[in-house]
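The values are calculated or read from the model by the stated rules, or taken from the named source; none is laboratory data. Given the structure is predicted, the values throughout are model-derived calculations rather than measurements. Cβ placement follows ideal geometry from the backbone for every residue including glycine, while neighbour counts extend to all protein chains displayed. Just the protein is used for accessible areas: all its heavy atoms, side chains included, with ligands, DNA and RNA removed. Shrake-Rupley method; radii C 1.70, N 1.55, O 1.52, S 1.80 Å.
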Amino acid sequence: MKLTILGCYAATPRTITNPTSQVLEIRNRMFLIDCGEGTQVQLRKHKIKFSKINHIFISHLHGDHYYGLIGLVSTFMLLNRTNDLHIYGPKGIKEIITLQLRLSNSWTNYGLYFHELESNESEIVYEDEKVLVKTIPLKHRIYTNGFLFIEKIGDRKLNIDAVQNYEIDPVYYQKIKNGKDITLEDGRVIENHLLTFDPEKPKSYAFCSDTKYEEKIIPYIKDCTVLYHESTFLESEVEKGAITMHSTAKEAARIALKANVEQLILGHFSTRYPTIALFKEEAETIFPNVLLADDGVSFEF
């Protein structure tokens, strides 16, 4: 599982920072999460292939989380894209994007599908044979969702020494990895656990931005591998966070601790502070495993 941060700063773009956007690569799928201004420039800068992005998840309709979307949709058209593109976001996202396409007479030459969200309960919004994506209802000034990406349990791992010892034909290897027992030519049944190892523990990634401190999300993200949680403010501005419905670094750490996540990544930083290292310092007083997002940084788990 690889996470590339394209932008992780609050409010407005600057020459040295970008608003929220990130790419998650999980089980050979690539998902774009939020699409602030400058996203397509950042994609090019970090050599991420546009053609691999078939699913875009938008948390909410504040500009720093989706103002780059129409530009990316249009660029896909100019690049003669043929793959379908699926966009998941709050109700209204279809109207916003299609209005711009209509008024500029720039309809896409590829399939463009909108999956509009309006439920206040967690729901499955994407699923295939390897990955499941659920919404995480958040508390912000407008309707907002986070997203939980979950790997499905993979194939069992082949114990190559064991299968060779039983002289099993390679044609049966996939059947064994699928968990099936094998019957030898002499009639003996070899149970699967003698031929395989358990698959790797499935990984999960929770994206939570923007939101005030909200313990109701804890059951949705319990025990996840990685939690990205907004931390717009330091504790000195906790009251401002309450008014604007944003979180502090310490509040993000409290959520991580109570949810028993393995790793916390902080992001959505206000640019009022001299260094983002201050966010890590505050969070680590509550939760030990803290990483800082920053534009262009990648994490592998």
Report summary line: Per the filter on the range 254-269, residues in a strand (DSSP E or B) and of a type in the set (Asp, Glu) are none
Query raised in the report: Looking only at the range 5-57, which residues are in contact with an Asp or Glu (Cβ under 8 Å, 6 or more places away or on another chain) and of a type in the set (Ser, Thr, Tyr)?
Result: 9, 12, 17, 20, 21
Report task. Give the residue that is least open to solvent (accessible area, probe 1.4 Å), with candidates limited to residues of the range 234-253 that are in a helix (DSSP H, G or I) and of a type in the set (S, T, N, Q). Result -> 244
Report task. Could you check, for the range 283-295, whether at least one of its residues is under 22 Å from residue 201 (Cα atoms) and surrounded by 20 or more Cβ atoms within 10 Å (Cβ to Cβ)? Result -> yes
Requested in this report: Starting from residues that are under 27 Å from residue 48 (Cα atoms) and among the hydroxyl-bearing types (Ser, Thr, Tyr), keep the ones in the range 254-282 and report whichever is least open to solvent (accessible area, probe 1.4 Å).
Outcome: 270
Query raised in the report: Would you say residue 113 is under 26 Å from residue 211 (Cα atoms), of a type in the set (Phe, Trp, Tyr) and open to solvent by 30 Å² or more (accessible area, probe 1.4 Å)?
Result: no
Query - Cβ-Cβ under 7 Å pairs, at least 6 apart or on other chains, the range 8-20 side in contact (Cβ under 8 Å) with a residue 24 or more places away in the chain, far side aliphatic (A, V, I, L, M) - result: 8/293; 18/6
Query raised in the report: For the range 31-47, how many residues are open to solvent by 20 Å² or more (accessible area, probe 1.4 Å), within 14 Å of residue 7 (Cα to Cα) and not small (Gly, Ala, Ser)?
Result: 6
Report task. Being open to solvent by less than 30 Å² (accessible area, probe 1.4 Å) and over 38 Å from the mean Cα position of the chain (by Cα) is the filter; apply it to the range 163-221 and report the residue that is modelled with the lowest pLDDT. Result -> 184
Query raised in the report: Here are some conditions: (1) within 18 Å of residue 73 (Cβ to Cβ); (2) in contact (Cβ under 8 Å) with a residue 12 or more places away in the chain; (3) surrounded by fewer than 12 Cβ atoms within 10 Å (Cβ to Cβ). Residue 120 meets all but one. Which one does it not meet?
Result: (1)
